[in-house]
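Enquirer: Next up is a structure, given as structure tokens.
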Amino acid sequence: MNNKIWLSSPHLTGEEQKYVKEAFDTNWVAPLGPNVNGLEEDICKYTGAKSCSALSSGTAAIHLSLIMLGVEKGDEVICSSFTFSATANPIRYQQAIPIFVDSESQTWNMSPELLEEAIVDRLSSGSKPKAIILVHLYGMPAKMEELMAISEKYEIPVIEDAAEALGSKYRDQPMGTFSDYGIFSFNGNKIITTSGGGALVSKNTEICKKATFLATQARDQAPHYQHSEIGYNYRMSNIIAGIGRGQMEVLDDRVISRRKNFEFYKKELSEFTDIHFVEESEGFYANRWLTTILTDSFETREEIRLSLEKDNIESRPLWKPMHLQPVFKGFPVYSDGTSEDFFNRGLCLPSGSNLTTNELNRVVSKLKSTL
Ligand SMILES: *Cc1c(COP(=O)(O)O)cnc(C)c1O
């Protein structure tokens with residue numbers, strides 16, 4: 001049997017251990033310490049965000065954002081449908097109502113037209129959505145100019161789920177920095193990892209301060225333990241922040257490797273005119289977290305996926321849209337069928353920054369023989 005080729009596996013450098021060892025050596029083994037502060041500074045420096053709160057996950061960052069925006073039971077929150085469930089779950093933690101909006105076909109992200117249609121329709125039925133959670137899927141920036149204009153026009157704040165888009169840019173501006181709430185994830189298969197973790201970034205220092213406060217059980221200033229608000233245990237530990245510091249040193253290299261994977265697949269498969277890639281329009285710069293393709297049909301997609309699987313190569317269908325998920329059945333959706341169509345005939349190809357030339361060649365020759 002050939003070696004397993006993974007979709008996207010952790011890619012460590014060894015430098016992470018220096019920071020982790022420091023944490024042990026100085027006994028900073030807690031959800032605070034120099035690595036946590038250092039990682040927050042590294043993220044601010046990299047993205048240009050004014051402030052950062054390092055958290056236990058990207059999901060926690062979305063949850064805290066909703067809390068800080070005052071989202072409560074029965075409130076409506078607009079959300080990209082074409083995404084991972086972690087984007088939408090925190091809406092339900094607050095017992096709020098997700099309003100799903102479909103994608104446009106250029107970036108695969110929230111359609112500005114459908115977003116405006118959704119807002120107008122919600123307003124006409126008497127409820128104003130409290131927030132818009134939009135996603136940069138697979139690292140491709142959403143159409144930020146159009147989307148942010150709608151957010152401003154209707155005065156509905158945006159939470160930018162940039163969990164897959166650390167290192168991506170729109171008109172030279174890093175993703176995650178377009179609104180007051182940008183979220184990143186450092187889960188195991190993301191472009192860089194801390195094994196598990198996340199962060200909230202903001203232009204507004206007060207927002208990250210408040211997030212850190214809520215993430216550490218909302219403890220008032222007092223010598224004893226006193227609480228005036230419900231808090232959470234969402235802070236990042238100083239050990240794993242050490243992994244993050246090592247990973248931030250190589251983030252640019254990781255982006256370059258993943259973009260190279262994309263170019264390689266695109267070139268090698270150029271003879272197959274039924275296979276489509278997501279292109280970067282002018283002003284869009286994707287980290288190419290995962291290389292994705294659209295085939296001509298569900299059957300072709302499955303044929304490719306299964307033949308790769310037989311050769312011990314992991315590939316995966318695209319995210320199943322949230323409005324088609326059993327757990328979100330019955331919630332409002334504004335859709336023109338785009339994400340459902342993509343889900344049916346799209347595939348994520350092995351995209352790790354640690355793939356060897358041999359491994360990439362193995363994937364491509366399998367793809368070619370199947371097609
Ligand atoms: C990974 C991911 C998240 C969640 O991040 P965690 O750190 O795993 O909680 C949220 N949204 C998207 C789009 C993701 O891909």
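The values are calculated or read from the model by the stated rules, or taken from the named source; none is laboratory data. Note that the structure is a prediction, hence the values are computed from the model and not measured. Backbone-built Cβ (ideal geometry, glycine too); neighbour counts: all protein chains shown. Protein only, heavy atoms only, side chains kept; ligands, DNA and RNA dropped before computing areas. Shrake-Rupley method; radii C 1.70, N 1.55, O 1.52, S 1.80 Å.
Enquirer: Please enumerate the residues belonging to the range 167-196 that are open to solvent by less than 30 Å² (accessible area, probe 1.4 Å), of a type outside the set (Ser, Thr, Tyr) and near the ligand (Cβ under 10 Å from one of its atoms).
Expert: Ile183, Phe184, Phe186, Gly188, Lys190, Gly196
Enquirer: Ok, one more. Given the criterion basic (Lys, Arg) and either over 20 Å from Ala86 (Cβ atoms) or open to solvent by less than 30 Å² (accessible area, probe 1.4 Å) (or both), identify the matching residue among Lys310, Lys320.
Expert: Working: Lys320 fails: either over 20 Å from Ala86 (Cβ atoms) or open to solvent by less than 30 Å² (accessible area, probe 1.4 Å) (or both).
The match here is Lys310.
Enquirer: Which condition does Tyr265 not pass, out of (1) surrounded by 15 or more Cβ atoms within 10 Å (Cβ to Cβ); (2) under 30 Å from Val77 (Cβ atoms), if it passes all the others?
Expert: The one condition Tyr265 does not meet is (2).
Enquirer: Count, please, the residues in the range 86-100 that happen to be touching a Leu at 6+ places or on another chain (Cβ under 7 Å) and open to solvent by 10 Å² or more (accessible area, probe 1.4 Å).
Expert: So the answer is 1.
Enquirer: While we're on this one: Output the residues belonging to the range 24-39 that are over 10 Å from Arg245 (Cβ atoms) and either surrounded by 19 or more Cβ atoms within 10 Å (Cβ to Cβ) or not assigned by TED's automatic domain parsing to the domain that holds Lys209 (or both).
Expert: Matches in the range 24-39: Pro31, Gly33.
Enquirer: Using the structure shown, decide if Ile132 is modelled with pLDDT of 95 or more, of a type in the set (Val, Ile, Thr) and within 19 Å of the chain's Cα centre (by Cα). Before the answer, list the steps.
Expert: Numbers: modelled with pLDDT of 95 or more: yes; of a type in the set (Val, Ile, Thr): yes; within 19 Å of the chain's Cα centre (by Cα): yes.
So Ile132 passes the test.
Enquirer: Within the range 73-85, can one find any residue that is surrounded by fewer than 19 Cβ atoms within 10 Å (Cβ to Cβ) and within 16 Å of the ligand (Cβ to nearest atom)? Don't jump to the end; show me each part of the working.
Expert: We begin by selecting, within the range 73-85, every residue surrounded by fewer than 19 Cβ atoms within 10 Å (Cβ to Cβ); these are 73-74, 85.
Still in the list and also within 16 Å of the ligand (Cβ to nearest atom): 85.
Yes - at least one qualifying residue is present in the range 73-85.
Enquirer: Of a type in the set (S, T, N, Q), within 17 Å of Asn109 (Cβ to Cβ) and surrounded by 15 or more Cβ atoms within 10 Å (Cβ to Cβ): which single residue out of Thr295, Thr291 fits that description?
Expert: On the way: Thr295 fails: within 17 Å of Asn109 (Cβ to Cβ).
Answer to the selection: Thr291.
Enquirer: Looking at this structure, is Phe331 part of a loop (DSSP other than H, G, I, E, B), farther than 26 Å from Thr193 by Cα and of a type in the set (A, V, I, L, M, F, W, C)?
Expert: On the way: part of a loop (DSSP other than H, G, I, E, B): yes; farther than 26 Å from Thr193 by Cα: yes; of a type in the set (A, V, I, L, M, F, W, C): yes.
Judged against the criteria, Phe331 is a match.
Enquirer: May I pose another question? Among the listed residues Phe277, Phe284, Phe328, Phe342, which satisfies the condition of being closer than 30 Å to Ala118 by Cβ and open to solvent by 30 Å² or more (accessible area, probe 1.4 Å)? It would help to see each step written out before you state the result.
Expert: Details: Phe284 fails: open to solvent by 30 Å² or more (accessible area, probe 1.4 Å); Phe328 fails: open to solvent by 30 Å² or more (accessible area, probe 1.4 Å); Phe342 fails: open to solvent by 30 Å² or more (accessible area, probe 1.4 Å).
Every option except Phe277 fails the conditions.
Enquirer: Counting just the residues of the range 197-216 that are within 24 Å of Ile132 (Cβ to Cβ) and part of a strand (DSSP E or B), which one comes out nearest to the ligand (Cβ to nearest atom)?
Expert: Step by step, filter the range 197-216, then rank; the result is Gly198.
For (1) on the phi < 0 side of the Ramachandran plot; (2) among the acidic types (Asp, Glu); (3) not in a helix (DSSP H, G or I), each residue gets a yes or a no:
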| site | (1), (2), (3) |
| --- | --- |
| Lys266 | yes, no, no |
| Ser270 | yes, no, yes |
| Glu280 | yes, yes, yes |
| Asn287 | yes, no, yes |
| Thr300 | yes, no, no |
| Leu306 | yes, no, no |
| Glu309 | yes, yes, no |
| Trp319 | yes, no, yes |
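Enquirer: Same structure, new question: With within 30 Å of Leu349 (Cα to Cα) and open to solvent by less than 70 Å² (accessible area, probe 1.4 Å) as the only criterion, which of Ile67, Ile5 stands out? Let's see the steps before the verdict.
Expert: On the way: Ile67 fails: within 30 Å of Leu349 (Cα to Cα).
Result: Ile5 is the single residue among Ile67, Ile5 that is within 30 Å of Leu349 (Cα to Cα) and open to solvent by less than 70 Å² (accessible area, probe 1.4 Å).
Enquirer: What is the number of the single condition among (1) farther than 30 Å from Leu347 by Cα; (2) open to solvent by 30 Å² or more (accessible area, probe 1.4 Å); (3) more than 23 Å from the chain's Cα centre (by Cα) that Lys50 does not meet?
Expert: (3)
Enquirer: What are the pairs, 6+ residues apart or on separate chains, where a residue within the range 162-174 that is at pLDDT 95 or above has its Cβ under 6 Å from a residue that is within 11 Å of the ligand (Cβ to nearest atom) and open to solvent by 70 Å² or more (accessible area, probe 1.4 Å)?
Expert: Cβ pairs passing all conditions: none.
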